[in-house]
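Visitor: Structure provided below as structure tokens; questions to follow.
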Amino acid sequence: MKTTISQVGKYTDQEVVIGGWLANKRSSGKIAFLQLRDGTGFIQGVVVKAEVGEEVFSQAKNLTQESSLYVTGTVRSDERAPSGFELTVTGIEVIHEAVDYPITPKEHGTEFLMDHRHLWLRSKRQHAVMKIRNELIRSTYEFFNENGFVKVDPPILTGSSAEGTTNLFHTKYFDEDAYLSQSGQLYMEAAAMALGKVFSFGPTFRAEKSKTRRHLIEFWMIEPEMAFMDHEESLQVQEQYVTHMIQSVLKNCQLELKALGRDLSKLENIVAPFPRITYDDAIKFLQENGHEIEWGEDFGAPHETAIAESFEKPVFITNYPAEIKAFYMKPHPERSEVVLCADLIAPEGYGEIIGGSQRIDDMDLLKQRYDEHNLSEDAYKWYLDLRRYGSVPHSGFGLGLERTVAWVCGLEHVRETIPFPRLLNRLYP
Ligand code: NSS
């Protein structure tokens, strides 16, 4: 019976055929252990010379790393195996022999691994990260579909910018100037006025000139936008959504979390509601704890980490000064110098994973912001129309997928969170 590693549990004590690759191998004179992988998982194949005979045994002993194979064997349940199963090998057919695979079981430097990202993805650790990334995406669709949201795809090529002009990725659009999308938000606001509750999931681009472990040039964002929802209601959606994602990973990715050595107790805690702290209180807290920061300044990574360390769950920092936030955020009704917004900071120093706000719904105020931010009315004319024809209170947010993957997997750097990272100075492979 032809099957996959993830399905072997259905065939205990039966003979199966698995198409896979040799990840690693150990052998003595009498027995060989083959670490096999097939994309769905990893399993150990045991080849016993006394059982398979000289020919198959010597074939097994001479297999090279990453050769592709059809392996025939009997499925054995084995409590010591991470997946609970082992394969007693009876036959091997080599499909293609790999020679001198560059990534060996020894340690390699980061640059070397990044140059070989197309092969590095095959490793157990990267496999686990990609499976968890996939579960975050799957549970995202599940959450928004179950909660009445419609998936809408905003454009990638745009003539406007949502998040300021400093890190815009410029390109030509025939004779016009265009930019790769920094955020689909403005278009999602239009979609919310047509469909009520919407979400997008797509690539976004920021020409970030700084080299940090949290910034990618190309990253993927989930952007929900909701008509008739105020800031507080949006925070509730955010904490429910993050809870759903984390609990889904805990439920469906046990093997992967184990392969990464993730501390599960830290993730089990992640259940709504999440704590909230105002920007004002966060500044006071930082000042009391020896940080040199004044009201009106934005937080850097060390500030975010210091604040997050006081909490076991993600924490919302609310009501930032309007000055340091985007033009579209609605001012606080009692204090116009701050806006109805929040950043969600992940625990354990993984930084900001969500930025969100209630949007300005008043046309005159929005026009005033265009002037203050030097935005051309031409490029944003259509966005004013949303306030001209049936304007409603509405809110939304953007969750950065790669930062979330880094947090859930416990990764030092976002470069491992996406199949082919685009970083400052890296476009290869
Ligand atoms: O700039 S954000 O804070 N907010 C927006 O873009 C809003 N227009 C979203 C919205 O309301 N619809 O970015 C949102 C998130 C942020 O919290 C990070 O998690 C992530 O996007 N982000 C990044 N991830 C990786 N690399 C880079 N450079 C990056 N920039 C933002």
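Visitor: Of all accessible surface on the chain at a 1.4 Å probe, what whole percent is carbon and sulfur?
Guide: After summing per-atom areas, the C and S share lands at 50 percent.
Visitor: Follow-up question, since we're still on this one. As an exercise, use a Förster radius of 35 Å and the Cβ-Cβ distance of ILE293 and VAL392 to find the FRET efficiency, rounded to the nearest 0.05.
Guide: Numbers: r = 36 Å, r/R0 = 1.04.
E(calc), rounded to 0.05, equals 0.45.
Visitor: Where only protein heavy atoms count, and the probe is 1.4 Å, what is the accessible area per residue for region 112-214 in Å²?
Guide: Numbers: 4910 Å² over 103 residues.
Accessible area per residue: 48 Å².
Visitor: How far is it, in nm, from the label point at HIS118 to the one at SER28 when both lie 7 Å from their Cα along the line to the Cβ?
Guide: Those two pseudo-labels are separated by 4.1 nm.
Visitor: A follow-up question, please. Give the accessible surface of region 2-96 per residue, rounded to a whole number of Å², with probe radius 1.4 Å and ligands, DNA and RNA excluded. Write out the running numbers ahead of the final one.
Guide: Details: 4790 Å² over 95 residues.
Each residue of region 2-96 exposes 50 Å² on average to a 1.4 Å probe.
Visitor: Lysines near LYS330 by alpha-carbon distance under 16 Å, same-chain residues fewer than 8 away left out - which ones?
Guide: Result set, ordered by chain and number: LYS367.
Visitor: By a straight-distance test (C-alpha under 20 Å), which lysines pair with LYS258 as possible cross-link partners, with residues fewer than eight away in the same chain excluded?
Guide: The qualifying lysines are LYS124, LYS131, LYS266.
Visitor: Residues of region 201-227 with amide nitrogen under 16 Å from the 7 Å Cα-to-Cβ point of VAL150?
Guide: Of the residues in region 201-227, 201, 224-227 have backbone N under 16 Å from the label point off VAL150.
Visitor: Tell me what the chain gives for mean residue ellipticity at 222 nm when only DSSP H runs of n ≥ 4 count, each as -39,500 (n - 2.57), the sum divided by the residue total, rounded to 500 deg cm²/dmol.
Guide: Working: 13 runs with 135 residues, N = 429.
Taken over the chain, the calculation gives -9500 deg cm²/dmol.
Visitor: Quick one: what does P(r) look like for region 241-339 with 5 Å bins over all Cα pairs, in whole %?
Guide: That works out to 2, 11, 18, 17, 15, 14, 10, 8, 4, 1, 0, in percent per bin.
Visitor: Determine, from the Cβ-Cβ distance of ASN167 and ARG76 and an R0 of 56 Å, the FRET efficiency 1/(1 + (r/R0)^6), rounded to the nearest 0.05. Present the calculation step by step, with values, prior to reporting the outcome.
Guide: Working: r = 54 Å, r/R0 = 0.97.
After rounding, the FRET efficiency stands at 0.55.
Visitor: Let me ask another. Among 368-378, 254-264, 218-228, what's the highest-first ranking by average C-beta atoms within 10 angstrom per residue? Kindly include the intermediate steps, with their values, before the conclusion.
Guide: On the way: 368-378: 12.5, 254-264: 16.0, 218-228: 22.3.
Per-residue Cβ counts within 10 Å, averaged per peptide and sorted highest first, yield 218-228, 254-264, 368-378.
Visitor: Additional query: Step through the residues of region 341-347 one at a time and calculate ³J(HN,Hα) from phi using the Karplus curve (6.51 cos²θ - 1.76 cosθ + 1.60, θ = phi - 60°), rounding each to whole Hz and writing x for Gly and Pro.
Guide: 9, 7, 10, 9, 9, 6, x
Visitor: Say we join alpha carbon atoms closer than 10 Å with springs in a Gaussian network model of the chain; which of ALA50, ALA406, ALA60 then has the biggest fluctuation?
Guide: Among ALA50, ALA406, ALA60, the largest mean-square fluctuation in the Gaussian network model of the chain belongs to ALA50.
Visitor: Tell me the label-point distance for the pair VAL94, GLU111, using the 7 Å Cα-to-Cβ offset, in nm and rounded to one decimal.
Guide: 3.5
Visitor: For region 2-96, count the residues as N, evaluate 2.2 N^0.38 Å, and divide the Cα radius of gyration by that value, please.
Guide: Working: Rg = 11.8 Å, N = 95, 2.2 N^0.38 = 12.4 Å.
Against the compact-globule rule of thumb, the ratio is 0.95.
The values are calculated or read from the model by the stated rules, or taken from the named source; none is laboratory data. Just so it is clear, the model here is predicted, and its values are computed rather than measured. Neighbour counts run over all protein chains shown; Cβ positions are idealised from the backbone, glycine included. SASA here: full protein model, heavy atoms, side chains in, ligands and nucleic acids out. Shrake-Rupley method; radii C 1.70, N 1.55, O 1.52, S 1.80 Å.
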